[in-house]
1. Using mean Cβ contacts within 10 Å as the protection proxy, how do C:87-97, B:22-32, A:121-131 order, highest first?
2. Among C:135-147, A:54-66, how do they line up by average Cβ neighbours within 10 Å per residue, starting with the highest?
3. From other protein chains only, count the Cβ atoms within 10 Å of every residue's Cβ in A:84-93, then give the mean.
4. Could you sort out which of C:LYS96/C:LYS144; B:LYS44/C:LYS96; C:LYS82/C:LYS110; C:LYS82/C:LYS144 sit more than 22 Å apart by Cα distance in this structure?
5. Would you please give the residues with an amide H less than 5 Å from that of A:GLU132, counting only those at least 5 places away or on a separate chain, with H modeled from the backbone geometry?
6. May I have the extent of the alpha carbons of region C:2-43 along their three principal axes, as whole Å values ordered from largest to smallest?
7. Could you work out [θ]222 nm for chain C from helices alone, using -39500 (n - 2.57) per DSSP H run of at least four and dividing by all its residues? Round to the nearest 500 deg cm²/dmol.
8. In degrees, nearest 10, range 0 to 90: what is the angle between the Cα axis of helix C:150-159 and the longest Cα principal axis of chain C?
Amino acid sequence: MSMDVADSFVGGFSLDLGFLAEASVETIHSGLSALDVCGMILASVGLVFFLGAAVGLYRFPDFYTRMHAAGKGDTLSSLLILLGFGLITLDDFSMVGWLLVVKLLAIVLFIMLTSPTSTHALMRAGFEDGVEPVTKGSSSKNTKKEGES
Amino acid sequence: MTVEGFTVFAGAALFVLMLPALYRVAVGPTSFDRLVAVNVIGTKTAVLLVVIGTLFGRLDMFVDFALAYALLNFVASLAVARYLNRTRSMPAKKPAKRRTPRKKKARAS
Amino acid sequence: MYPFLIFFLLLLNWVAFSGKFDAFHLGLGAFSALVVTLLSQDLLFSDRKKSLGDRLSEAGRFLRYALWLLWQIALANVHVFKLAITGSGQAEIAPKVVTFKTKLKSDFAKFVFANSITLTPGTITIALRGNEFLVHAISEATAKDLATGEMERRVAEVFEPEVAV
């Protein structure tokens, strides 16, 4: 993708953010380093996995199977995209850059710990509430609709 | 392909891929479906904040927002899950038949 | 012993998140870490009888386990991607609920095991009642994979080498 396509994404108005950039870390360089390329590849793989999760969330037949898509795809795709942008940020190896990477790693670790936990909490709440799992034979999508019980 | 172009593309792709989840929030047959989708959107918003920070060149600021957002998202989804669980099972009518009786001693969770 | 460890872990967290190294901010960090340690140090590391060396070797084994788990997560995502995108994947979906008993004792080992089940291909923990796991498997094959008990063996090797089968 070239730069003009990127401009058309933003829709013509220019991002005048000079007031933000004054005291900022220089994260975006004009050239491409090896780290940038690695980061882009990681982030792209993460986006592909998120595509799988999103399509699964849309297409899967019942609550529990959708949970499979959300619980797994969400974790790894967030991890990969965050690590990818961490690598993109880290090309000057400054102190501030390393601190940013540490913070990104903290977010990654946090998501790795909490995503399965909240999945589990939701699964359990749904199960105890009596949402019926579909099985191979049953054709009905969800036996229980919202508002019953 | 420049880094900035890729960043804009990644942000746009993240946004577009949130739309199926938003569909699930709108029509999901049970409230739990909606909650799952909200959870996914929340996690991806934290990621989107990091992308936006990279684009603006202020990642040192936006990464804190992303961290706080991830924390809040987890607490919120946990709280709503517990809330739905408790309110549905509280009324005086009998609990669902399938539900196995809880052993009081063994309940470690 | 353990209160000091917790204090330094908290202080390390503070330094990483604040990113400022002057005396004022470091002093604030030390004060906050001290207060948090005094108030709630009993929440972390429930088993205080283990020596620090044991903890360290446990952490090393856990790192190796985490690498294996990352590979399993990647496999799980490819699996979900296949199920979601391809037509044959859609036909493969045949969910079932499985129950089994675990041999793990400590709460933390059970927590790691339950989260690992959720992250590996095709299975999600629904509930954990005492020693009994309730697991939702998305197809027959994944349920069979779980029944081999390989993951439980790995978790037991990390946290409870004495009960490892």
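Every number here is computed from the coordinates shown, using simple stated rules; none is lab data. Everything numeric in this text was worked out from a predicted model, so none of it was measured. Here the Cβ positions follow ideal geometry from the backbone for every residue, glycine too, while neighbour counts run over all protein chains shown.
1. On the way: C:87-97: 14.5, B:22-32: 17.0, A:121-131: 22.4.
Output ranking for C:87-97, B:22-32, A:121-131: A:121-131, B:22-32, C:87-97.
2. Working: C:135-147: 19.2, A:54-66: 22.6.
Listed from highest to lowest mean packing, they are A:54-66, C:135-147.
3. Working: counts 5, 12, 4, 0, 7, 8, 0, 1, 0, 0.
Mean number of neighbouring Cβ atoms from other chains: 4.
4. Details: C:LYS96/C:LYS144 11 Å; B:LYS44/C:LYS96 29 Å; C:LYS82/C:LYS110 30 Å; C:LYS82/C:LYS144 19 Å.
The answer is B:LYS44/C:LYS96; C:LYS82/C:LYS110.
5. Here A:THR143, A:LYS144 satisfy the definition.
6. 30, 14, 13
7. Working: 7 runs with 106 residues, N = 165.
Mean residue ellipticity at 222 nm (helix-derived): -21000 deg cm²/dmol.
8. Around 10 degrees separate the two axes.
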